[in-house]
Structures are given as C-alpha cells and as structure tokens.
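Nothing in this text is a laboratory measurement; each read-out follows from the coordinates by a stated rule. It should be emphasised that the depicted structure is a prediction, and the values quoted were computed from it without experimental measurement. For neighbour counting, all protein chains shown are included, and Cβ atoms are generated from backbone atoms with ideal geometry for every residue, glycine included.
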Amino acid sequence: MTQFIFFSGKGGVGKTSMACTYAVRYAGEGKRTLIVTTDPASNLADVFEQPIGHRITSIAGVPNLFAMEIDPDQATREYIDRAMAPHRAAFPSQMVQVMEEQMSGPCTAEVAAFDRFTDFLDLPVDTDTSFDVIIFDTAPTGHTIRLLELPAEWSQSINEASTGSGQTCIGPAAAIQDARHKYERALAVMRLSDQTTFIFVLHPEAISIKETRRAIGELTKLDIANYRLIINGIIPPEGAENPLFAARLEMQRRYLAEIESSLPYPKQCMTLLAGEIRGVQSLRRVGRMFFDGESDPQVETFQAEQAVAKPPSYRLSDLVAPNSQRCTLFFAGKGGVGKTVASCITAVWLARQGYKTLLLTTDPAAHLGDVLGVPVGDEPAPVPGLESLWAAKIDPKAAAETYKVRILADARQRGRPESAIKVMAEELDSPCTEEMAAFDKFIEYATQEGWQAVVFDTAPTGHTLRLLELPVDWSKQIDVKVFASIDTAAADDVAKQRFGQVIEMMRDPQQSAFAFVMYPEATPILEAWRAAQELGAVGIRPGLVVANMVIPAEQATTPFTQSRRQMQEKYLAEITERFKVPLAPIPLLPKEIKSLEMLAELGESIYGVKMVRG
Amino acid sequence: MEQTIPIFDHMPAQTPAAEVEIFDPPMCCPTGLCGPTLDQTLLDLNEMILTLQAENLRVARYQMTSHPQAFLRNAEVMKLVREKQMDALPITVVHDKIMKTGAYPTIDEVRSALNGAAK
C-alpha cells in the first residue's frame, strides 16, 4: 500500500470505519500511522471512543497510531492569526480588526481548510514527525470532489491572477506564491500511483455505484489513477435466513455483478455486521474479518429494552403540512442517511394532499431524479405523473454559469467596455463564484412566492451547515462593509432584507421545520445531534426526526436480524430521548425506492396515520 | 505549524513606483464581484485602471492585507492611516503625491493630477 491513502465515498457507507480499520491494522504492523479527517462532521472521536480534535493525538491502546480532526473553524482562525500577525505590529488596531472581520468570510474558510489539508501531503521527509502511512478519512463525496478539484482550479486562477490585473478572489490567501507551490506539490503527490491510493467505499446499491463512478470520473480528469474499491454491507449467509434480508441479498448480488463489470478496479468485500463498530477491539476484529477472511465471531446481544419510550400523541402531518402560510421543510443529516428519500416521501405526500409543492436539492451529489424515477433539471419543472409537485436540482456549477452570465449582462448594460468585461469574466472563474451562486439560488427559492410548500433535500451535514449559516454570515459581512456607493448601499439593503427574511423563516416553527434524518445507530445519532446543536446556536430548532432503514418488528425472525433489530430499538429510544421531537420511521424495504408509487405508499404509511398514545 | 505566512518576503521591493498608486481600505475582495451584491464602485475603479493602463501608465493597487509593505514604504500614507484610520482610505497617490483621500478618484481627477505633476 502507498504512503497516502484517501477514503472516499458517499457518507454513511462505512468510510470512517474502514479507514480506521486500515489505520489500526497498519499501526499494528509497526508502521507509524496518522489518520486525518477533513470532514466537518467528523466522527473519528466516536469510533475511537476518545477525544481527538484539531491536533495530532495519539490513540490510547494502539502504539504507532495518531489521529487528527481538522476543524474548519479552528483552521480558519489559525489561518487568520498567521496571516494577520505582521499586520498587528504595523497597523492601528481598529484597522486590524476590520481586516480580521473581513477575512472571516466563507472564502477564507475554504482556503484555510484546504491549506491545512495540503500540509499533510507536503510533510518534510526524514524528520521525527514523519509518518509511514497517512490515511485521509475525507469529507462526503460532493464536498470531497470540490475539495480535490480546488488545486487545479486554484493553480489556474493563481496563474491568471499573476499575469492579469493582479487581483484575485482568493485575496484572503495572502501568501499566494507560497501557497501555489504547496498546492501544486499536493496535487502532484495525489497523482503518483506509488505514493497515493484512493479507496472508494460503496454499498451494492444503484445510487452508491453511480456516485462512485461519477467520483472516479471526476478524479480521473485530474489525472489521478490509483483506485481500489471496498464493497461494504454484504449480507452474510446467516443474515439471509430471513425473507426481507434474503430479498435484499438478491438485490445486492445483482449490483455486485454490475460493480464487477462497470468498475474495473481492485476490489474487496466487507460483510454487514450483526452489531456495530466502536472501539479499538472492535476495529481489530473487523480487521481480522476484512484482511484475514475470518467470519464474524460475534452476534452481539443487546438487553432488549422493553420499556421503549411511548410515542406521544401527535400527527406527523401537522408538522409538515402548511397551515395558513407556506411551509418550508429542510432535511438535514449526514450524507447517505436518506435525506433524499425522506424529502421525496414528504414532498410527494404534500403534493398528493393538493399543496403546490417545490422539491429542491442543493447537494452536488444528489440523486433526486433516481428516487422520483423521473429526470430532474436545474430549473423547477413539474414532475410528470404527479400534479402539484415541482422539482429542481441546484447544481453549483450550472448555477455559477448562470450567475456569471447574469452579472456580465448587467455589466454590458451599464456600458462597461469589453476589456473590463473580459477581466470580470476571468475573475468570476473562481471556486468562490460557485459557492456564491449556489447560495444565491438557495435564497431565491427560499423566498420565492407561489408555493404552498418548499422541501429542501439539503447537502451533507457539514456543507449544509455552512450553506445554512451563510445568510447569517453574509448579513454580518454587510454590516462591516465600510465603503459603499449609494448604488451598492441600496443593493445591500435589498439583499440584507432578503437574508433577514430567510433567517426569520428558518427560526419560525410556524413557517418552517428542520427534519433530522439518521440511521438508528450510535454515530449517526451523535452526528445529527451535533448538527442540531450547531443549528440551535443560530436559533433553529429541530421539528422532527426521521429514522431510516428501520427493520420492521415482524421481520426480526432470525438471530442475525433480531440482533440488528434490538440494536435499532435501543437507538430509536435514544433518538426520542435526545431530540424530544416526533419521530418518523422509514422501514427497511426489500427493494430500493425509485418510483412515485412507492413514495406515495410510504408517505401514506408515515403521514397518513395518527400516532396515538399507547 | 507555528510559522507566520511570509507575506513580507514576497513583495517585489525593487520595482519602480507606479505613476498612480491606490491604497485600498481593508476589504475581502477587491474586484467587487465577490459577496452577496456587486460593488459597482469597485467595478468602476477596475475599469478606470484598465483605461489608464491602456495608455501605458503604470497603475498599482494595494491591499492592506496582501500588500502591507506598500503602505509601510510610504510614510505620508502611514501618517494618514494612523491619524484618520478608516476615514483616510482609500488614498490615491500620483507621482508620489497624495491627490485624494477618503474616496476613489474619477478618471478626470487622475488625469489632471498627472498633467499637473508633469508640469
């Protein structure tokens, strides 16, 4: 294996578990190993059951193993500190403060997180701090791709900036020359097959396969070549003794054949476990199964908790249906937990009740069209087969293109000369434009008139939070904008009013609801809880929780399924206990959800019934 | 990880001073294209710079965050910055003489300053 290993794949496929399994195995072989996460919703600490945080931390009980969670906020603060140190000595404190505030924008956060990430690819050799193996447990796919695309895009915009007007949108990257070489070296290392391996973790499912193919395609365009696959969650023989799991295993076999023929890379399978992976012992056990082919020695038995919390008396439909005013719903949670499915079920149910509903995704890796069974474009369009339902997929790249065209058209209308427009066009080819354009779209639809319900299938957690926190951030940015023409001031006022409206709407339970989607498993619950707390900090409370892939009680017929069902029951109780809001369960099904009929049926079973106190 | 970002080392210290120098207030993005709304003032400024450059004039624009050395090199600019702080900026310097503070100049103002200085 190579010195650098990236784990990639849609969130929720077991990427972190597999990355940790590799890390523990290599450390056990005596290799000095570091595992780094760049995922804003990292759960390394949960898997190793110890605090880690934003520094290299040794892992208890595993000699040679170190871990670090790159916290984007902390990285940004450190970056600003480093960049501002010389200015503090030279300029009045009031100005330093303004500079620091203005460096706190989303652009700087991107630069800073990326900067930290490349540090590990660019380590000095032969020092005491060097590692034999560095494993990156990367962020969920859509975000990962953007992160990995950045070096190419930035090298480009830095080059153009140094020959062009001398300005660039990565203004916050003060050490541009220094950074350029670092980013180029980082990309060079990622391209060398004898130094770097990209391991894709996927489930034998249509969406997971499609996503992996797309992700590998994007990386291949960046001249990255060394890939391996881990196909996770294969139902073992003892699991298939149950009809539901047997049907799912059948489905898995078909997809395994598809993977075999369409993804020509070295691959290895990993079994679905009866219990969950937590702690070093459990990682070693998984390592023996994965690397040495041992079978799962442990069918974990849980104390069956008879005293499961009684469901309160409420109607889930009351939470999602618009009352007098329009209702905006957000589905939040880690990527891959079923936000798309949950939002589709809800939007289809609302449309079937006769509400004019808009279903939107802001996730670059979204699969809205797959679940609905109809193509979805980047502008809202009626969904064939269901009156009242409209859908759109906000693709950041497409949005950036539209945004650029609109801005340049406006410049022409103002009579700016072609030379100036050419420079503007170059400046607009930056990663920040994508971020800005996606946000612009988000605001547009969040405030658009004419809908009774708007359902957002939001992007994976870390990204979602950033996107949702942006309105607040930008209002702050406008407050510190020091120089503005009358023209700009007026535009800012309009913008500020729109942002204010959106923030107000998100905070008001009469107008909106945040639904947290998760699997009934330890790590996803913790992640959702953290995400909920971060939103709580901006005054947004969860309205309901959605538990996905819940094994129906009547299917718990074999030791394997009973063990998994018991595990789920324990966690379903924990979800209710923690979040103290209504819970909507989506059952584990014998086949994937990919049609309006299935969505309608599920919507009826979830929202169509009144849950009564037992 | 403790090193500071060596911005001071990267400044091209020996380049001849530009005929027109503009010292910006601290800002996130000097293009006017970033941020939730476009800044037409900055777009006007960029256009003016392009026009002047097309007439073979050397125009330089300095950001306090990325070109602190340019500020520190000019004693008069620093004096204004220390005295009036934010109110002083932006500062426009033509042939080493401060011609305007607190707002960006129009192209006519720059032209007349250039002509005046030539005589």
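Observations
- Separation between Cα centres of the stretch A:36-77 and the stretch A:522-550, rounded to whole Å: 21
- Of the chymotrypsin sites (Phe, Trp or Tyr not before Pro) found in the stretch A:1-73, not one falls in a DSSP loop while having at most 10 other beta-carbon atoms within 10 Å.
- Compactness relative to 2.2 N^0.38 Å, alpha carbon Rg of the stretch A:208-264: 1.40
- In this Cβ point-charge picture (+1 for Lys and Arg, -1 for Asp and Glu), the stretch A:179-276 has a dipole of about 540 debye about its Cα centre.
- Other residues lying with their Cβ under 14 Å from the Cβ of A:Phe331 contribute a combined charge of 0, Lys and Arg counting +1, Asp and Glu -1.
- Restricting the stretch A:372-444 to GluC sites (Glu not before Pro) in coil, as DSSP defines it, with at most 11 other Cβ within 10 Å: A:Glu387
- Shown here for the stretch A:22-91: trypsin sites (Lys or Arg not before Pro) in loop regions (DSSP other than H, G, I, E, B) with at most 14 other Cβ atoms within 10 Å, namely A:Arg55.
- Going from the fewest other Cβ atoms within 10 Å to the most, the residues B:Lys84, A:Lys267 appear in the order B:Lys84, A:Lys267.
- Neighbours of A:Gly373, meaning other residues whose beta-carbon lies under 10 angstrom from its beta-carbon, give a summed charge of -1 when Lys and Arg score +1 and Asp and Glu score -1.
- For A:Thr346, A:Thr2, order by how many other beta-carbon atoms lie within 10 Å, fewest first: A:Thr2, A:Thr346
- Links that overshoot a 22 Å alpha carbon limit, given the list A:Lys182/A:Lys210; A:Lys397/A:Lys441; A:Lys422/B:Lys97; A:Lys334/A:Lys580; A:Lys221/A:Lys594: A:Lys182/A:Lys210; A:Lys422/B:Lys97; A:Lys221/A:Lys594
- Applying 1/(1 + (r/R0)^6) with r as the Cβ-Cβ distance of A:Ser605 and A:Glu379 and R0 = 41 angstrom yields a FRET efficiency of 0.80.
- Cβ-Cβ FRET estimate between B:Asp87 and A:Val405, R0 fixed at 30 Å, reported to 0.05: 0.20
- Neighbour counting of Cβ atoms within 10 Å sorts the residues A:Cys20, A:Cys344, A:Cys327, fewest neighbours leading, into A:Cys327, A:Cys20, A:Cys344.
- Sum of side-chain charges, B:Ile91 neighbourhood, beta-carbon under 14 Å (Lys, Arg +1; Asp, Glu -1): 0
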